[in-house]
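Asks: What follows is a single structure, and I will ask about it in a moment.
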Amino acid sequence: MGLRGFPSAIPSLPMRVTEIFTSIQGESTFAGLPCTFVRLTGCPLRCAYCDTAYAFAGGTEMAVDQVVAQVAAAGVALVEVTGGEPLAQRETPALLARLLAAGHSVLLETSNCLPINAVPEGVHVILDLKSPGSGEVAANRWENLELLDARGEIKFVLTGRADFDWAVATLEAHHLAGRWPLLFAPVFGALDPAELAAWILAARLPVRLQLQLHKLVWGPERTGV
């Protein structure tokens with residue numbers, strides 16, 4: 001399994017892991033499926049609507065082997081590596097490659113603030129393009145769009161109408177329609193999903209309305225689900 005741009009000769013270092021748990025996948029085109037999540041610690045961004053600030057610091061040091069073993073013990077084929085920002089840790093590409101080699105379907109949720117060139121082929125990259133309402137729109141690495149393969153998905157988290165209009169303009173400017181699944185997600189508790197659905201229908205957009213299924217099932221405050 002090739003690591004695009006990842007120097008394999010560098011000795012492995014421990015990873016810092018906030019949590020590993022198995023739940024129902026709440027987002028992406030894989031929503032509704034059982035999934036084991038590896039939430040890595042640390043993120044260079046501070047999005048206004050972040051719902052995982054508890055992953056900014058702390059966590060537990062684990063070797064890549066330990067993470068892979070714990071995922072295997074869960075007995076679930078689908079695994080997502082998330083954060084925080086998972087690509088902020090140097091060992092993440094090696095972890096992704098090991099999970100693929102173990103036979104898992106592997107998702108990577110990334111904030112689009114760091115390059116994805118070292119992500120192994122075979123990983124489903126979910127690229128979260130940061131909207132103005134996030135406060136981090138300047139952090140977007142637009143060159144990642146040229147590195148996203150056919151397995152990728154693009155997510156827009158929207159706080160209101162201004163973010164929606166920005167997302168529509170982004171679809172047009174970068175010719176995104178038809179190239180990848182496009183996910184429009186309302187910020188939970190800030191934008192009414194029915195309102196976003198109405199905007200999507202009025203504009204006849206080829207996008208998916210994405211709700212955070214785990215929050216609808218277990219509530220927005222519960223972690224580890």
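Asks: Anything in the range 206-215 that is outside any loop (DSSP other than H, G, I, E, B) and without any contact (Cβ under 8 Å) to a residue 60 or more places away in the chain? List them, or say none.
Replies: Within the range 206-215, Leu209 is the sole residue that qualifies.
Asks: Search the range 6-22 for residues being polar (S, T, N, Q) and modelled with pLDDT under 95, and hand back the single one that is surrounded by the most Cβ atoms within 10 Å (Cβ to Cβ).
Replies: By that ranking, first place goes to Ser12.
Asks: Another one. Can you tell me which residue among Val106, Val119, Val81, Val125 is over 16 Å from Cys35 (Cα atoms), under 15 Å from the mean Cα position of the chain (by Cα) and outside any helix (DSSP H, G or I)?
Replies: Values: Val106 fails: over 16 Å from Cys35 (Cα atoms); Val81 fails: over 16 Å from Cys35 (Cα atoms); Val125 fails: over 16 Å from Cys35 (Cα atoms).
Within the list Val106, Val119, Val81, Val125, the selection yields Val119.
Asks: Same structure, new question: Could you list, in sequence order, the residues of the range 23-46 that are surrounded by 20 or more Cβ atoms within 10 Å (Cβ to Cβ), at pLDDT 95 or above and out of contact with any strand residue (DSSP E or B) (no Cβ under 8 Å at 6 or more places or on another chain)?
Replies: Passing the criteria: Cys43, Leu45.
Asks: Can you tell me which residue within the range 17-76, out of those that are of a type in the set (D, E, K, R) and free of Cβ contacts under 8 Å to residues at least 60 places away in the same chain, is farthest from Val106 (Cα to Cα)?
Replies: To start, the set of residues in the range 17-76 that are of a type in the set (D, E, K, R) comprises 19, 27, 39, 46, 51, 61, 65.
Those still in the list that are free of Cβ contacts under 8 Å to residues at least 60 places away in the same chain too: 39, 61, 65.
On the way: Arg39: 13, Glu61: 21, Asp65: 16 Å.
Applying the filter and picking the extreme gives Glu61.
Asks: Still on this structure, I have one more. What pairs come up if the first residue lies in the range 181-205 and is within 20 Å of Thr29 (Cα to Cα) and among the aromatic types (Phe, Trp, Tyr), the second is assigned to a strand (DSSP E or B) and modelled with pLDDT of 95 or more, and their beta carbons are under 9 Å apart, counting only those six or more places apart or on different chains?
Replies: From residues that are within 20 Å of Thr29 (Cα to Cα) and among the aromatic types (Phe, Trp, Tyr), the pairs are Phe184/Lys155; Phe184/Phe156; Phe184/Val157; Phe184/Leu158; Phe184/Arg208; Phe184/Leu209.
Asks: Restricting to the range 137-179, name every residue that is closer than 23 Å to Pro120 by Cβ and part of a helix (DSSP H, G or I).
Replies: Result: Trp142, Glu143, Asn144, Leu145, Glu146.
The values are calculated or read from the model by the stated rules, or taken from the named source; none is laboratory data. Predicted model, so just to flag it, every value in this text is computed and none were measured. Virtual Cβ from ideal backbone geometry, glycine too; neighbours counted across all protein chains shown.
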